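So the structure is just underneath, and the comments pick up after that.
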Amino acid sequence: MSEDSKKRSTGFPASADDAVVEYGYLVQRIAHSLARRTTDPVEDLVQVGMIGLLESYKRYDPKQPASFKTYATHFITGHIRHYLRDRQQLLKGPRALQ
């Protein structure tokens, strides 16, 4: 089986650079959907999401039944949510002060 046909059947990119190019739109879409809940810039969320994409590339096993896109979505969303949770205030002030 050639490398190109293997990529098409599993959706797994040949390199990390290919993953960024091919699935960058996915990071953008997830970052924009989660940015509605926060005042953080979307660019920061995209940057954190790209880290999640690269980590999912490193950890993905092409022998798994799940597609790479499904696997990467989980990691991207998780990284962005962890980032937002870490930046959240521990104690929230009264609404009148906010």
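Condition first: of a type in the set (A, V, I, L, M, F, W, C) and open to solvent by less than 60 Å² (accessible area, probe 1.4 Å). Now tell me which residues in segment 38-55 satisfy that.
Val42, Leu45, Val46, Val48, Met50, Leu53
Sort through Ala19, Ala14, Ala31, Ala35 and tell me the only one that's over 13 Å from Leu84 (Cα atoms), open to solvent by less than 40 Å² (accessible area, probe 1.4 Å) and of a type in the set (A, V, I, L, M).
Ala19
Could you check segment 63-83 and list, in sequence order, the residues that are open to solvent by less than 70 Å² (accessible area, probe 1.4 Å) and either at pLDDT 90 or above or under 17 Å from Val20 (Cα atoms) (or both)?
Those that are open to solvent by less than 70 Å² (accessible area, probe 1.4 Å) and either at pLDDT 90 or above or under 17 Å from Val20 (Cα atoms) (or both): Ser67, Phe68, Tyr71, Ala72, Thr73, Phe75, Ile76, Thr77, Gly78, His79, Ile80, Tyr83.
The values are calculated or read from the model by the stated rules, or taken from the named source; none is laboratory data. The model shown is predicted, which means the values in this text are computed figures rather than measured ones. To get the accessible areas, we keep the full protein, side chains included, count just its heavy atoms, and leave off ligands, DNA and RNA. Shrake-Rupley method; radii C 1.70, N 1.55, O 1.52, S 1.80 Å.
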